[in-house]
Structure formats: C-alpha cells, structure tokens
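Before any comments, here is the structure.
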Amino acid sequence: MSVPPGMSRRAILGLTASALAATALTACGGDSGGSSAGSGQGTLTIGFDNEPVSLDPALSSAISSDRNLLNLFYEGLVRQEKDGTIVPALAESWKVDGSALTFTLRTGVTFHDGSPFDADAAAWNLKRVIDPATRSTKAGTLSTIASVTVLDPRTVRIQTKSPDPLLLTQLSYEPGMMVSRKAASAAGKDFGRGPVGTGPFVLERWIAKSQLVAKRNPGYWRKDAAGQALPRLDKVVVRFITEPKTLRAELSTGGVQLLRALPPEEYTQLKDNAQVRLEDLGVRRSYYLAVNSTRAPFDKLAPRRALAGAIDRDGVGQTAASGEYDLTATFATKADWFADPTLPVPAFDAAKAGAAFAAAGVGAGTPLKLVVRNRPPDPTIAQLIQANLRAAGLEVTIEALQLESYLDTLKKGDFDLGLGVIDVPRYDPSLTFDPYLSSTGPNNFSKIKDPELDKVLAAGRAAPDRKVRTEAYTDVQRRVLDQSHLVFLHQARSPVIHRSDLSGLAFDLDGQWRLHEARLGR
Amino acid sequence: MTLDLTPAETPVPAAAGTPGRPVLRALLRDRRALFSGLVLVATIVVAAVSPLLHAAATAVAPDRRLRGPGADHLLGTDELGRDVLARMVQGAWVTVQTAAVAVGLALVIGTLIGLLAGYAGGWADSLLMRVIDGLLAFPLLVLALAVVAALGPGLRNALIAIAVIVTPRIARVVRGEVLSLRTREWVAAARIVGVPRRTILLRHLLPHLAGSLLVFTALQASTAIMAEAALSFLGLGVQPPQPSWGAMVSAGTEHLDTTWALSVFPGLAILLVIVAFNLLADALRDALDAHRPQLRATA
C-alpha cells in the first residue's frame, strides 16, 4: 500500500478502523432497519445464468426464463395462477361474450415514468404486439384478434375472429404485458434495455454481462393481505453468473439468496445445507430423442418401435440427473392436468430390441448419427444412448455441436437421432405439444407428417372445455407413443433454490418467479 | 579448394551414429534416461495390451457411476460407470499412436524439407523457408485447431494436425544443421568427385544430423502429446466412446469436487509421459555431446 503524501501511517490506521466500524454499524442497522421502516426489507441478490437480450416483452426471446426478470417490471391485464385459473391484475374484471372480450381496468395505476395506465394504454399495447412493424415475437399468439376498441377510459374490448379459448391465458404472460407508451416511443429500439412498466420494481441500472439492479416502485398499486404496501424488498440485484459451480458456491456462502436453476449434480450437494431450501414446484427438464422420420431406418414404424425399447431410461436419469428424475410417458409432467398415468413408459430390453431391429430389417452395425448440444450433461447422455444402441446392434456416431449448428442440423434433417430437452410444464398443453409434434411446428425435428396427429392437436387447441381437452391430449400422447416419433427420456427435477430466510415467493404456472411479496429475514 | 582426393580416400568422418555403444552405455548410467525409458516402455507395453481391456473401457453401468478408487475398480469409475483404469489403458494406445504416427510423419517430412532447403539453397530454400516461417508464426494450438476445423474432429485428423505443427519445427532444425555442415571440406570433396546429390544428403549429411535430430524429436514428441491431449480435451480428438487422456481430464472436470480421481489420474499420465520425453531428450543430448569426438575435432 502506498502512503499518500502528507498522511502519516497512524492517520491511515485510524481511518481504516473507523471505516470498518462504520461498515459494521451499517450492517447491524440493515438487519434491524428492515422491520422498522415498514416496507423496506433490504436487498435481494439473485444468481441468474441466462441474461436476457431484451426486456421488451413484445420482443423478448422465446426462452421462458426471461419472464423471471420481466415480472419485476411488467404486469398484464390478467394473471394465471399455478392451478391454471385466471385472476385479475391490471384489469379488475372481464366478460367473455362469444368472440368479444371486455376488460374493466383498475383505476389509479401509473407506469414507472408517471404516465397513467388506462384503456388507451392497454389498447395501444395490444395493437403494438399485433402490428407487423413491431416485429413482435409474440404476434402469433394474438393473431386471432380482429380489433381492439376503447369504450371508455376504463373499458377496452377485444374482438376476435372466432372464439379463442387460449386468449386469456396468452394475455397473462408476455403478449399481454403493459409497457409505457411514452417510454417505449421515446426509447425506440433501445426500449428493451430500459424497461418501463407498472410492475413492483423500477430499473435502476443494467450492466451487460454483470448485473441488473431494480429498486422498489413506491407507487405500486398492489397491497398484501394485511393492507401493507408492496413490494417489501428495497432492491433486487440480479447478478449474471453462468458457471453452475460458482452459482452453488455463491448460494452456500450467502452471496446470492435465490437461483434460477442448477443442474441436479450441483443442487444435490446443497440438500444437507440447513440455510438452503430446495422447493420442488413441479418444474421438469424433459429430455427426448427426435427420431428423423425422413430417412432410413427410422422412416418406417417397426425400427422406431424397436428404438423405443432399446434405451435404458432409468440409466439415463441416474447418469444425467443424479437420480433426481421422473419417468413419464411423454412431455406431460406427473402433475399436469392432461397427464394420463395409464400411458406406458416403454420397457427397456436390449435383447428384445436387438431382435426387433433385426426383424425390422435393420442389420447389425447399421450406422446412425446422433446429434447433441455440446453442454453438460447432453454429451454424457449421448454416450449412454450410444452404448445402449450398440448393445442392440447399431453403431452410433455422436456429433456434439454448439447451439446454432445443432439447431441448424436438426432443422435440415441431417441426422438420425437428435437429443433435445424442453422445460415443462408450459402454461398450456398446446405450447408443450404443438411445436414438437404438429406437421407445421417450428420444433418438429422428427419431421412428423401425421394427419391424424394434427387432427387431435387441433381438437385440443380449439376446445374451451378442460374435459374435452384432456381427452384430446390423451389422444395426442397415445398417437405419438404408438408411432414412436419421439423417444421420451427422463424428466430431471428442477427445483427453485433459495436461502431459507427468503420467503413470500410467488410463481407462474411454469415456475418463473414473481417477487412482489418476497421478503428477507425472519 | 585445394583438396586433391580420390573417391576411395575421401575422409568422410565416422557418422555420429557410429559411437552407438558408448552412447548407450552413457544412457544406461543416466538416471534420467533410465526413468524415462521405464515410463515410455511401460506406456508402450500398456498400449499393446489395451485391446484386451476394450470391453471394460466402454461398458456403461449407470448404477456404479462416479465411484472413487477401490478394490473393484482400482482407479474408480467415471460418469457412466466405466472403469477408469481400463480407459486409461486405452488412452495409452492413443498416446503411443500420437508419438509414433504423428511425430514419425513429421520427422520424415520435416527432415526431407530441411535437407532439401538447406542443401539446395537459392530460391527453393527461400520458398520453403517462407512457408515454414508462416506456419511457425501461428501459436502451436491455434494452428492445430485450424487444421482440425478444416478436416473435422477425430483421431486421424488430430494426428494430421499434430504432424502439421511439428513438421516445420523439425524442418527448421535440420536446415540449420545442413547449412553449417554443407560448407565442410568433406562435403565439398564429395561434390567435387561427383557423388550424387541424393547420396550426399542421405548418406553423408543425414547421419551427422541424427544425434541432434533425435534429441529434438524427443522434445517434439512431448509437444505432440500435449497437443493431442489439448485437442481431445476440447472434444476434437478421439471421439466417444473411445477414451483418450485429454478427453478423460475434460469429462472429469465436471465432477472434480466429488470424484477427483476422474481428472487427476489421466492428468498425471499425461504429465508423466511428457516429463519422460523431456528427460530422455536431456539425457540423450548429454550422452551424444560427450561422444562426438570426430565432430568436435572438425568443429
């Protein structure tokens, strides 16, 4: 340490000591000050591994984890609870009448920049998402809307081309999030870096690749059950950390109090830590094999069926999820309302599978190309599948690729098997199944062209009644299992992980947080 | 040139290779040489028996994954329940191939280029050396990565990449030696009496280079093994399910905090072989230096 001129060593020692004392005092003050201030409950620090590109809900990526941060700043007209029911948010009530949907809005709500939230703002937001000039990634979800009309400052009506049973659900998430027109118009293309909504927190600063700081919105409209102002936290600091081991270390030392996700390998090591809670909300990472049905041998049904029995799903779960997994028949989790426990998980029998391959005309040593993403644990799963299929007589070559070339290969169809993973549950089964199974689905990597499957998918999408939908989605699952277009592997548990002194967390149906009632301390 | 010699009396000095016996004796007295010889012979023997353990090295068993060293599996099991020791034995074969095939290839091609460039001189020398300089300008691994990127991952292409990075180094050393040797009187004499150029290069010059070339090649072998390990670490070398030491270190880093043995033992194996080649090169140089009387006298 170099001593500045004109300063004695003793003076510096004194300064250091007083600085230390001041730090200690503020630390004490911080602990007790939370409750005395009434609303302020200190700073929540979050470890987040997936920094969003844009926090403009209309332009945010398809990755649902972005919503963890969007929920800090924005709200929609309505909200979907964990059980799937729709509850009021910025709209106090609504009325469905055929293909007309009329919302009565909450009064006295303002955006972070002070501009009022009213029917004009709501209509402008919906039109913004639909407007092709916005190039919204969510435009497709609101494509059934024919017109949006402002009836009076509190009332807005949406007219759809035909009854759309999914519209309210869609409006509960990104497509329905309300942004400030003033701020969005002023910022233009940069709005995604400076979110302004009506949500519980206001952006303070966002330093790319480092951290995002949001402070309490003092004018937030929502009160807790006891009538206390929300949110309770003063500040939310989101630190962008990608390395799972670093995230785990930060959580165990208290450097962060909440994590987005950790691989099973890491979180199982936190199970004995009394200061850490693992809360299983039913979120699963569902692994699957896309089976390319456009080229031999899997263009035929018999080899696909043989494949389904050739893979040791329990072995994959043990290996890739440290035993923290469920075996399910399809993408439906055990807790989903459209899950059918009678659907069978194909039994693993290497000898039988080998015989089935031989009977189907797939000779010993048939070469197969398995494409995977080059990130753990996918290459490990690929090696296990390689060993399983070798036992059944097939020679698998693994190609481990970076995300872009991986997706490119899957889309072009230059593979036999592709290992993939999706996060489930999604907020509607149509989002779980359609992209992967529909003949026009963007993620239909198996290249399925099955009119029967398309028919039952459409039935499930269009029906408003849950009982009818359950039947339709059972048919969907039965059909895809019968045709073996995908091999469903294990579903790795993905609990939310936080320090035990953090409470009051609320969650979207698919497990993304809402922090308006979160609090730290006892 | 005032030499007046008939071919029969051409005083070609005994080549450096001739004092093989004293050099060998010196090496046997050298503890470094004994150690490295032991390690390298052991590696070759292990590599030779590797086919016997191939089944054990690739048999997955998820129910006994990530075991530490123990009685059933001396060095434990990996993330798929495969025996680490059996996999290391397979890795030894890859290492031997690297040292033999990649370095061997580089040795032959590099020596030929060096001899030609050094002896021919002129535009041929300039052209060859500019290409070599260009190759040497790249950091070692960057060049290897570029070659693998162009050819695609896999053991064969990794070996080609390693040969590409080692060849220019050998060519440079050979050319330097040739430049200093070709001005010697006995070379001039051979030329004057009409000995064909190829004979001069291969019969007269090459044996004199053999000593220093041997030392340098041993050093390059360690570089090559390191490069192979690095490529495999990045997933560009041997492809699964075939193991290699570098790939094993890489896979083990995922589990370093729970099953340290996964990375540590293959890492130690790489270290041991590299140190062995370096010590061998040191010992060889010392032994050769002490037994080069003819060259010393004429130097």
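For region B:134-140, just list the computed ³J(HN,Hα) in residue order, Karplus coefficients 6.51, -1.76 and 1.60, θ = phi - 60°, integers in Hz, with x standing in for Gly and Pro.
Once rounded to whole Hz, the list reads x, 5, 6, 5, 7, x, 2.
In percent, what relative contact order does chain A have, based on Cα pairs under 8 Å that are 6 or more apart in sequence?
Answer for chain A is 18 percent.
Going by Cα centres, region B:131-210 and region A:263-305 are how many Å apart?
52 Å
Spelling out what I want: for every residue of region B:42-49, take phi, set θ = phi - 60°, compute 6.51 cos²θ - 1.76 cosθ + 1.60 (Karplus), and round to whole Hz; glycine and proline get x.
4, 4, 5, 4, 4, 4, 5, 8
Applying the Karplus parametrisation 6.51 cos²θ - 1.76 cosθ + 1.60 with θ = phi - 60° to the phi angles of region B:238-244, what ³J(HN,Hα) value in whole Hz is obtained for each residue in order, glycine and proline being reported as x?
4, 9, x, x, 5, x, 9
Provide a whole-number value for the mean count of partner chain Cβ atoms within 10 Å of the Cβ atoms in peptide B:79-89. Show your work: numbers first, answer last.
Values: counts 9, 10, 5, 2, 0, 0, 0, 0, 0, 0, 0.
Counting Cβ atoms of other protein chains within 10 Å of each residue's Cβ and averaging gives 2.
May I ask you to derive the FRET efficiency for B:LEU202 and B:VAL142 from their Cβ-Cβ distance with R0 = 51 Å, giving the value to the nearest 0.05?
0.90
Between A:THR107 and A:LEU301, what FRET efficiency comes out of the Förster formula 1/(1 + (r/R0)^6) with R0 = 60 Å and r the beta carbon distance, rounded to 0.05?
Efficiency computed from Cβ-Cβ geometry: 0.50.
Counting only DSSP beta bridges with both residues in chain A, what percent are antiparallel, rounded to the nearest 5?
Within chain A, antiparallel bridges account for around 75 percent of the total.
How many nm is it between the label spots at A:LYS235 and B:ALA120, if each spot is 7 Å from the Cα in line with the beta carbon?
Distance between label points: 7.1 nm.
What is the packing order of peptides A:103-112, A:377-386, A:478-487, B:30-39, taking the mean over residues of other C-beta atoms within 10 Å and listing the highest first? Could the numbers behind the result be given before it?
On the way: A:103-112: 18.5, A:377-386: 23.5, A:478-487: 20.4, B:30-39: 16.8.
Ranking, from highest mean packing down: A:377-386, A:478-487, A:103-112, B:30-39.
Would you mind checking which residues have amide H under 5 Å from B:ASP257's amide H? H placed 1.01 Å from N; only 5 or more apart, or other chain.
Those qualifying (amide H under 5 Å, at least 5 residues apart or on another chain) number zero.
Averaged over peptide B:229-242, how many Cβ atoms belonging to another chain are found within 10 Å of each residue's Cβ?
Going residue by residue through B:229-242 and averaging, the value is 2.
Could you pull out every residue, at least 5 positions away or on a different chain, whose amide H is within less than 5 Å of the one on A:ARG514? Hs are placed 1.01 Å off N in the peptide plane, and Pro or chain starts have none.
Placed amide hydrogens put A:ALA506, A:PHE507, A:ASP508 under 5 Å from A:ARG514.
Rank by packing, highest mean first: peptides A:44-51, A:176-183, with packing defined as the count of other Cβ atoms within 10 Å averaged across residues. Present the calculation step by step, with values, prior to reporting the outcome.
On the way: A:44-51: 20.5, A:176-183: 22.8.
Ranking, from highest mean packing down: A:176-183, A:44-51.
Apply the membrane-span-like helix rule to chain A: whole DSSP H runs, Cα extent along the own long axis of at least 30 Å, mean Kyte-Doolittle hydropathy at least -0.5. List the helices found.
A:9-37
Could you pull out every residue, at least 5 positions away or on a different chain, whose amide H is within less than 5 Å of the one on A:LEU151? Hs are placed 1.01 Å off N in the peptide plane, and Pro or chain starts have none.
A:VAL156, A:ARG157
Using 1/(1 + (r/R0)^6) with R0 = 30 angstrom and r between the beta carbons of A:ALA364 and B:ARG156, what's the FRET efficiency to the nearest 0.05?
Working from the Cβ atoms, E equals 0.75.
Rounded, prolate or oblate, given the Cα gyration tensor of chain B, with a/c below 1.5 counting as rounded?
Working: a/c = 3.37, a/b = 2.03, b/c = 1.66.
Note, shape of chain B comes out prolate.
Highest mean first, how do B:237-249, A:432-444 rank when packing is the count of other Cβ atoms within 10 Å averaged over residues?
Working: B:237-249: 24.9, A:432-444: 18.8.
Output ranking for B:237-249, A:432-444: B:237-249, A:432-444.
In nm, to one decimal, how far is the modelled label at A:SER439 from the one at A:LEU151, with both set 7 Å along Cα→Cβ?
For the pair A:SER439/A:LEU151, the computed spacing is 4.2 nm.
Working out 0.36 nm times the residue gap between A:ASP349 and A:LEU401, then minus their Cα-Cα distance, what length gain in nm do you get to one decimal?
Extra length available between A:ASP349 and A:LEU401 comes to 15.7 nm.
If I model a spin label as a point 7 Å beyond the Cα along the Cα-Cβ vector, how far apart are those points for A:LYS189 and B:LEU52 in nm?
Going from the A:LYS189 label point to the B:LEU52 one covers 6.8 nm.
Suppose a student asked you for the relative contact order of region A:181-323, using Cα pairs under 8 Å spaced at least 6 residues apart; what percent would you report?
Here the relative contact order equals 12 percent.
Once you keep just the Cα pairs under 8 angstrom separated by 6 or more residues, what percentage relative contact order results for chain B?
Working: 428 pairs, mean separation 77.1, N = 299.
Relative CO of chain B lands at 26 percent.
Going Cα to Cα from A:LYS189, which lysines come in below 18 Å? Please leave out same-chain ones fewer than 8 positions away.
Cross-link targets: A:LYS127, A:LYS138.
Let me know the mean shielding of B:58-65 by other chains, meaning the per-residue number of their Cβ atoms within 10 Å of its Cβ.
6
Give me A:LYS161, A:LYS127, A:LYS209 ranked fewest to most by other Cβ atoms within 10 Å of their Cβ, as a rough exposure proxy.
Working: A:LYS161 11, A:LYS127 14, A:LYS209 7.
In increasing order of surrounding Cβ atoms, one gets A:LYS209, A:LYS161, A:LYS127.
Restricting the count to DSSP beta bridges whose residues both fall in region A:284-493, what percent are antiparallel, rounded to a multiple of 5?
Of all bridge pairs located within region A:284-493, approximately 65 percent are antiparallel.
Under 19 Å from the 7 Å Cα→Cβ point of B:ARG21, by amide nitrogen: which residues of region B:249-293?
B:287-293
Each value in this text was obtained by applying a stated rule to the coordinates, not by laboratory testing. Everything numeric in this text was worked out from a predicted model, so none of it was measured. Don't worry about glycine lacking a Cβ; one is built from the backbone with ideal geometry, like all the others, and counts go over all protein chains shown.
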